[in-house]
Amino acid sequence: MSHNILPEPPDELKQLSDSLCSRIREEIRLDGMIPFSRYMEMALYEPGLGYYSAGLHKLGESGDFVTAPELGSLFAGCLARQVAELADTLGPYDILEAGAGTGQLAADLLTELSPDKLPGRYLVLERSADLRQVQRERIATAAPGLVDRVEWLDQPPTTPWQGVLIANEVLDALAVERFRMGTDGVEQLCVTLQDGQFNWASRKAPAQLKLAVEQVAAGIEYGFQPGYRSEINLHTAHWLSAITSQMERGLALFIDYGYPRAEFYLPERSDGTMMCHYRHRAHDDVFFWPGLQDITAWVDFTALAEAADTCALEVEGYTSQTMFLLGCGLDQILDGHSSDSADGGLALSAQARQLTLPGMMGEKFQVMGLGRGLDQPLRGFSLQDLRYRL
Ligand SMILES: C[S@@+](CC[C@H](N)C(=O)[O-])C[C@H]1O[C@@H](n2cnc3c(N)ncnc32)[C@H](O)[C@@H]1O
C-alpha cells in the first residue's frame with residue numbers, strides 16, 4: 001500500500017518509532033528473521049516503545065481509532081443492563097475488564113449501574129502501564145465516588161471470584177501468527193531485513209503452527225489453496241484459561257470484529273484480515289512507522305468457542321453487536337431520553353447508528369458470551385442466536 005495517503009508523523013514520534021525499529025532489527029539479526037507474531041508483539045507492546053506501551057494518544061477522536069465506549073455512554077448503558085440482570089442472580093459479584101483502553105467503559109458502567117447493582121470490585125487487567133495511568137485519571141474524574149472500587153491487576157485474578165468479565169476489542173489486539181500455504185505445506189510468515197528495511201520472509205512452519213493450520217484447513221469446506229495467506233492465534237485457549245480460571249461463576253463477554261471460522265477463512269479472503277489504524281485511516285501496511293499505529297487481526301469466533309470448551313466454559317450466546325445491544329434494551333434507553341434537549345437526543349441517535357448500522361459497527365462487531373455455572377437466559381442474546389454458524 002502506498003504511504004502517500006497517510007499523514008506524516010511529527011519528528012519526535014518518528015524518533016520513537018526509530019528506537020523501536022532498532023530494537024526489532026537487533027532481534028531479527030539474531031536469526032535472520034522473526035515470526036510475524038513477534039513483530040506484532042513488539043510493535044504493540046515493547047515496553048516504553050510499543051503502540052500500547054508508549055504514551056501516545058491512541059483512542060478517540062484525537063487518536064487513531066474510535067471504539068464503542070469512546071462514542072459515548074450508550075454502549076455502557078446497554079452493557080449495564082446485562083450486568084444488572086446477572087447481578088440479580090449472582091448476588092455479590094465483581095466485574096473484571098480486560099484491556100480497558102482509556103477507562104471510559106469502566107467509568108460509564110460504574111455510573112450507569114444503580115447503587116444496589118454495583119460490583120464489589122471493578123478489576124482492570126491492563127498490560128499497558130501508560131494506559132493504566134490514563135484509566136486511573138479518567139475514572140477518578142468521571143466517577144469520583146466509585147473509583148475506590150477499581151483495582152488494577154498485573155495478572156489475572158489468582159483467587160476465586162464470581163461476576164462478569166468484559167473484553168471489548170481486546171482479542172483483536174493480541175499478537176497472531178501469519179501463515180501461507182506453500183506448495184510443500186504450511187509456511188510461517190516472518191519479518192526480515194532487506195536493505196535495512198522490514199520485509200516479509202517465510203520459512204517452513206514450526207510444528208505447532210503447522211498442526212493448527214492443518215486442523216483449520218481440514219474443518220473448512222474449501223481448505224487452503226497454495227498461496228493463501230491468513231492469520232491464526234495459537235494462544236487463544238491459553239489466554240482464555242488464564243483470565244477465567246478463577247471465575248467460579250459468571251459470564252465472560254467478548255466483543256470484537258470477527259467471523260465464524262468458515263467466513264474468516266473464505267477462499268476470497270486470501271490475504272487474511274490484518275488491519276492497521278493510523279489517524280482514523282485503515283490500511284494494510286504493517287511496516288508503516290512501527291509503534292505509531294495500531295495493528296489488528298479479526299477474531300475467529302469458532303476458535304474462541306473451541307477454547308471455551310477446553311476451559312469448561314459454555315457458549316451462552318453468539319450474536320451481532322446490533323442484536324446484543326437491542327436485546328439489552330438499547331431502544332428503551334433511547335425512548336427514555338426522547339424528551340432530552342435536541343442536542344442530547346441527536347447525540348444519542350448518532351451513537352445508536354454508529355453502534356448498530358450494518359455498514360458501521362453493527363454487523364462486523366460480534367458478541368460472544370461464555371458462561372460458567374449459569375442457568376438462565378441472557379437478555380443480550382435473547383433476540384438472535386448465531387451459535388449454529390460457529
Ligand atoms: C483496542 S484497545 C481496546 C480498549 C478498550 N477495551 C476499548 O474498547 O476502548 C486494546 C486494549 O487491550 C489491552 N491489551 C492488549 N493485550 C492485553 C492482554 N493480554 N491483557 C490485558 N489487556 C490487554 C491494550 O493495552 C488496550 O488497552
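The values are calculated or read from the model by the stated rules, or taken from the named source; none is laboratory data. Treat the numbers as computed from the prediction; the structure is a model and nothing was measured. Cβ coordinates were reconstructed from backbone atoms using ideal geometry, including for glycine residues, and neighbour counts include every protein chain displayed. Quick note on the areas: whole protein, heavy atoms, side chains included, nothing else; ligands and nucleic acids left out. Shrake-Rupley method; radii C 1.70, N 1.55, O 1.52, S 1.80 Å.
Against the test of being closer than 22 Å to residue 295 by Cβ and within 16 Å of the ligand (Cβ to nearest atom), the options 232, 243 yield a single qualifying residue, 243. Looking only at strands (runs of 3 or more DSSP E) that fall completely inside segment 158-207, which ones have 2 or more residues that are within 16 Å of the ligand (Cβ to nearest atom) and touching a helix residue (DSSP H, G or I) at 6+ places or on another chain (Cβ under 9 Å)? By residue number, 161-168. For beta carbons closer than 8 Å, sequence separation of 6+ or different chains, a first residue in segment 367-390 that is within 21 Å of residue 311 (Cβ to Cβ) and a second that is open to solvent by 80 Å² or more (accessible area, probe 1.4 Å) and outside any loop (DSSP other than H, G, I, E, B), the qualifying pairs are 370/314; 371/314; 372/248; 372/314; 373/248; 374/314.
Filter segment 208-227 for residues that are touching a residue at least 24 places away in the same chain (Cβ under 8 Å) and assigned to a loop (DSSP other than H, G, I, E, B); which is surrounded by the most Cβ atoms within 10 Å (Cβ to Cβ)? Per the criteria, the residue is 224. Looking only at segment 131-152, residues that are assigned to a strand (DSSP E or B) and in contact (Cβ under 8 Å) with a residue 40 or more places away in the chain come to 1 in all. Counted as qualifying within segment 249-344 are the strands (runs of 3 or more DSSP E) with 1 or more residues that are open to solvent by less than 10 Å² (accessible area, probe 1.4 Å) and more than 22 Å from residue 359 (Cβ to Cβ), namely 294-296, 314-320. Of the residues screened, residue 79 is one that is more than 18 Å from residue 290 (Cβ to Cβ) and crowded, with 21+ Cβ neighbours inside 10 Å. Of all the listed residues (67, 89), the sole one being closer than 30 Å to residue 348 by Cβ, out of contact with any Lys or Arg (no Cβ under 7 Å at 6 or more places or on another chain), open to solvent by 50 Å² or more (accessible area, probe 1.4 Å) and touching a residue at least 40 places away in the same chain (Cβ under 8 Å) is 89.
With respect to the stated conditions, residue 98 is touching an Asp or Glu at 6+ places or on another chain (Cβ under 9 Å) and within 16 Å of the ligand (Cβ to nearest atom). The single condition among (1) within 9 Å of the ligand (Cβ to nearest atom); (2) open to solvent by 40 Å² or more (accessible area, probe 1.4 Å); (3) not basic (Lys, Arg) that residue 112 does not meet is (1). Within segment 21-59, the residues that satisfy the criterion of being within 16 Å of the ligand (Cβ to nearest atom) and open to solvent by less than 10 Å² (accessible area, probe 1.4 Å) are 39, 40, 42, 43, 44, 50, 51, 54, 58.
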